1. The stretch 314-453: percent of C-alpha pairs farther apart than 24 Å?
2. In deg cm²/dmol, rounded to 500, what helix-only [θ] at 222 nm does the chain give when every DSSP H run of at least 4 residues adds -39500 (n - 2.57) and the total is split over its residues?
3. So if each residue of separation counts as 0.36 nm, and I subtract the Cα-Cα distance between residue 185 and residue 51, what length gain in nm does that give?
4. Go through 146, 104, 12 and say which Cα lies farthest out towards the positive end of the charge dipole of the stretch 1-147; charges sit on Cβ, +1 for Lys and Arg, -1 for Asp and Glu.
5. Would you mind checking the stretch 110-140 for residues with the amide N under 16 Å from a putative spin-label position 7 Å along Cα→C-beta of residue 101?
6. Please list log₁₀ I(q)/I(0) at q = 0.12, 0.19 Å⁻¹ for the stretch 96-172, using the Debye equation with identical point scatterers on the alpha-carbon positions.
7. Amide H of residue 117 versus every other amide H placed in the peptide plane: which residues, excluding those fewer than 5 positions away on the same chain, fall under 5 Å?
8. For the chain, list the cysteines whose Cβ sits under 4.7 Å from no other cysteine Cβ?
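Read the figures in this text as sums done on the coordinates, not as results from a lab. Values in this document were obtained by computation on a predicted structure and should not be read as measured data. Cβ sites come from the backbone with ideal geometry, for glycine too, and all protein chains shown count toward neighbours.
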Amino acid sequence: MEFTDIHPDRVQVLNDHDLQSDRSYVLYWMQQSQRAEWNHAFEAAIRLGRQLDKPVLVGFGLMDDYPEANIRHYTFMTEGLVELDEAFKKRDCKLVIKLGHPRAVIEALAKDAAAVVCDRGYLRHQEAWRSDLANSISCPLIQVESDLIIPVEAASNKREYAARTIRSQLQEKYRDYLEKPARLMPPKSSVYLNVTGEDIGSVPAFLEKLKLDDSVPVVSDQFKGGTSEAKRRFRNFLKNHLDQYNDDRNQPHEDHVSHMSPYLHFGQISPVWLIREIEENHSGKDAESYVEELLVRRELAANFCFYEKDYDRFSALPDWARTTLNEHKDDERKYRYTREEMENAETHDEYWNAAMQQMKKRGYLHNHMRMYWGKQILAWTNTPKYAYRTALYLNNKYFLDGRDCNSFANIGWLFGLHDRAWNEREVFGKVRIMTKSGLERKTDPDKFIDKVED
Ligand SMILES: Cc1cc2nc3c(=O)[nH]c(=O)nc-3n(C[C@H](O)[C@H](O)[C@H](O)COP(=O)(O)OP(=O)(O)OC[C@H]3O[C@@H](n4cnc5c(N)ncnc54)[C@H](O)[C@@H]3O)c2cc1C
C-alpha cells in the first residue's frame, strides 16, 4: 500500500485481509502518536479514506493498568488528549476515547471499518497488541511509523554496537525522511457518526474513573502535557537556549536543553517536526549537536529495543560488560544502600540526593545528573543485577519520559551498553565510572542543589 507523500518505508501491512469497502469508515487507531499534526499514520488514514470515499474515525483505548504507568504519567497523557478532540474535529474527524484495553476497544470499532491504520511502538506489549489485532480483525491493519525519523529497519538491519556504528548511516539517510504530508481533508466528516466515547472534561475528575496507582504525585505545575505546550516550550528553547546547546547543555544547573523527552515519549510532538524546525531556522554546531541527540541517540535506543527482545533485562548487556561486572560483583562497596534508602534520597551524597529529589518532584532530570545518579546506584548496591533492576524501577516510576526505548537503552548504558571497556576498577570492572570529584570538576553541582531547592 503506497501513499504518494508518505515515505513507503514507513508503511507496513500487518495482515492480508481484503479492504471491506461496504463498511462505514476508515479507522485510525491512535496509540503511540498522540497528536493530530505531523502524524503520518493519521495522514495515511485520511488518504485511504479519500481512496475509498469514507470518513475517518480516530479511536483510542484507555486502560487503567498500562504497564508501569502511574497517575503522574496518566495526567500528562490525558492533558494531551484533551486538546485532541478539537484538533481532530478541525480535520473533520471524530476522536472516540473508550475505556478498556486498547486492543479490545479497537477490535470492537474495527467491526465497522473498511481498514484500520495504526501507528508504531517498539516495546514488547506495543508490538504484541498490534500483531494480536492483525489476527483478530477481518479488514487490513496498516502500520505507519511516525515517531522515528528513519523507520527502524531502514536505519539498520541489525542490533548496533554503539552510536559510532550507526551514526553515519543515520546522517546519510535522514533528509530522505523529513517529508511533510499535505494537510488533506477526508471526503466525508466522521464528526456526526453515531459512535460515542468518553468526554474528558476536567482531567483530575476524569482520571478518578480509572483505578490508578496514585503513589507518585502529579507534576502538572512542572510539565503540562499536550502538543501546544510542547511547541511553546520548543520555540522558547530555540529562541533562548539553542545557541548554548553545544557548549553548555551538560551543565545541570542551567536549562539549555529542550525538555522534549516527555512529549516525544507520549507522541505529543513529532521528531520530524522538531528536526525541520531546527534545520529550517538554524545551522552550525548547536543545531548539529541537537540533531545528534534527537536522531542518533534516540534512534539507537529504538534500534536496541527492536532488535533485542530482552531489552529490559540484564542479560541484554554486551558480553564483555556482564563478564566484567560479574567478576567484580563481590568487591567491597564503600557504601551500601537499600532501594528504599535510595528512593527516600537518604544517601551520604548531597548531589545524588538532590538528583533523586528532583526526579520525584519534577518527573524530569538533566541528562548529566541522570548519568551520575545511575552510576552511583551501581556503586552502592549489593550486586550489578540488583543495581540494574533498581535503576530501571526508579527511572520508570518517576520520569515522565520513563518506560521508553530511551529508558531501556540508557539504563543499559550505565552498565556498559553502547559503550566500550575502560580501565579496570573495583566494583565497576571495565565499565565506565563517574565520580563525585569528576562531577565537581565538570559541572557546578552546588548550583544544581540550589536549583532543586528553589
Ligand atoms: C541513566 C539515564 C536514564 C535515562 N532515562 C531516560 C528515559 O527514561 N527517557 C528518555 O527519554 N531519556 C532518558 N535518558 C536520556 C536523556 O537523559 C533524556 O532523553 C534527556 O535528558 C531528555 O531531556 P531533553 O529532552 O531536554 O534533552 P535534549 O538535550 O533537549 O535532547 C533532545 C532529545 O534528544 C533525545 N536524547 C537526548 N539525549 C539522549 C540519550 N542519551 N539517549 C537517547 N535520546 C536522547 C531525547 O529524545 C531528547 O528529548 C536517560 C539517560 C540516562 C543517562
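1. Details: 2488 of 9730 pairs.
The answer is 26 percent, as a whole percent.
2. Working: 22 runs with 205 residues, N = 454.
The per-residue figure over the chain is -13000 deg cm²/dmol.
3. Numbers: separation 134, 0.36 × 134 = 48.24 nm, distance 1.19 nm.
Full-extension gain reported as 47.1 nm.
4. The Cα lying farthest towards the positive end belongs to 104.
5. 110, 124-137
6. -0.46, -0.85
7. So residue 117 has HN proximity to 27, 28, 29, 142.
8. Cys with no partner Cβ under 4.7 Å: 93, 118, 139.
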